[in-house]
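Data block below; observations after.
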Amino acid sequence: MSGASRWPARLWLVRHGQSAGNVARDEAHAAGLERIPIAVRDVDVPLSRLGEQQADALGRWFAGGAGNGRPDVILASPYLRARDTARRFRDAGGAEPDERICSDERLREKEFGILDGLTTAGIAAHEPQQAEFRRLLGKFYHRPPGGESWCDVIFRLRSLLDTVSLHYGGRRVMIVGHQVVVLCLRYIIENLGEEEILAIDRAADVANCSVTEYRFDPAAGKDGGLVLVRYNEVAPIVEDPVAEVTRAPDPIVAARG
């Protein structure tokens with residue numbers, strides 16, 4: 001199989017729009033609460049009104065030609081906030097109206113296990129041992145009971161990219177997921193190390209509805225490869241008069257990102 005057929009011609013990674021969970025988490029931290037006051041499962045957390053506007057704005061931006069093309073394949077996390085971001089993006093003109101959005105469970109949010117729903121203060125109060133384990137192991141390797149480490153997320157995303165390579169070579173592919181998903185896909189695609197990806201993470205949070213873009217370059221490596229065009233691009237949101245930029249951090253807590 002040739003390099004040109006193994007990789008998408010264009011690959012966009014998009015974080016979902018601002019969610020109700022992002023808002024609840026910020027409010028919980030500001031109030032010094034130990035738990036994020038949200039009653040639904042993480043998979044069912046919807047977009048906020050601002051998140052809906054961000055997804056619409058991104059679709060209009062692609063429709064206007066600023067996205068370097070439009071996707072003909074859309075893969076999304078099965079979480080409601082990601083699926084709705086993809087749907088609103090498509091319906092705003094970001095893709096053809098009949099473009100199917102394919103949910104893939106390998107794109108789901110990082111699972112936080114017993115830390116789910118706790119703020120930093122909550123972890124210190126209820127799970128101090130896990131806070132110490134994370135300090136010792138670092139966020140890349142720490143796996144809370146019932147949850148995942150970044151390495152676990154990377155393991156399932158390697159499988160996802162194998163599927164993309166097998167079925168979508170030469171296509172224009174968009175992946176809509178979560179903050180850690182975007183970062184871990186960068187780790188795989190660019191063959192980064194732990195410190196390199198954590199330095200990127202420390203430099204800036206992945207903005208809601210931001211775009212990370214790759215293009216296939218036949219001269220990149222022995223068989224060609226994906227080359228980074230832009231990372232965490234928020235211009236399409238900034239330029240929209242309605243949808244402001246939001247950035248939710250990925251702290252020790254279950255950030256519902």
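General remarks:
- For the stretch 57-81, filtered to residues that are assigned to a loop (DSSP other than H, G, I, E, B) and free of Cβ contacts under 8 Å to residues at least 60 places away in the same chain, the residue that is surrounded by the most Cβ atoms within 10 Å (Cβ to Cβ) is 78.
- Evaluation of residue 182 against the conditions (1) in contact (Cβ under 8 Å) with a residue 60 or more places away in the chain; (2) more than 30 Å from residue 68 (Cα to Cα); (3) touching a Ser or Thr at 6+ places or on another chain (Cβ under 7 Å) shows that the sole unmet condition is (2).
- Residue satisfying all of: in the stretch 82-126; farther than 20 Å from residue 19 by Cα and aliphatic (A, V, I, L, M); surrounded by the most Cβ atoms within 10 Å (Cβ to Cβ) among these: 95
- Reported count of residues in the stretch 1-56, each being touching a Lys or Arg at 6+ places or on another chain (Cβ under 7 Å), assigned to a helix (DSSP H, G or I) and more than 28 Å from residue 114 (Cβ to Cβ), is 3.
- Against the conditions (1) touching a Ser or Thr at 6+ places or on another chain (Cβ under 9 Å); (2) closer than 17 Å to residue 234 by Cα; (3) open to solvent by 30 Å² or more (accessible area, probe 1.4 Å), residue 53 satisfies every one except (1).
- Of the helices (runs of 4 or more DSSP H) lying entirely inside the stretch 156-257, those containing at least 2 residues that are of a type outside the set (Lys, Arg), open to solvent by 40 Å² or more (accessible area, probe 1.4 Å) and at pLDDT 95 or above are 194-203.
- Residues of the stretch 127-140 that are touching a residue at least 24 places away in the same chain (Cβ under 8 Å) and open to solvent by 10 Å² or more (accessible area, probe 1.4 Å): 131, 134, 138, 139.
The values are calculated or read from the model by the stated rules, or taken from the named source; none is laboratory data. All values derive from a computational prediction rather than experimental measurement. Every residue, glycine as well, gets a Cβ built from its backbone with ideal geometry; the counts of neighbours run over all protein chains shown. Just the protein is used for accessible areas: all its heavy atoms, side chains included, with ligands, DNA and RNA removed. Shrake-Rupley method; radii C 1.70, N 1.55, O 1.52, S 1.80 Å.
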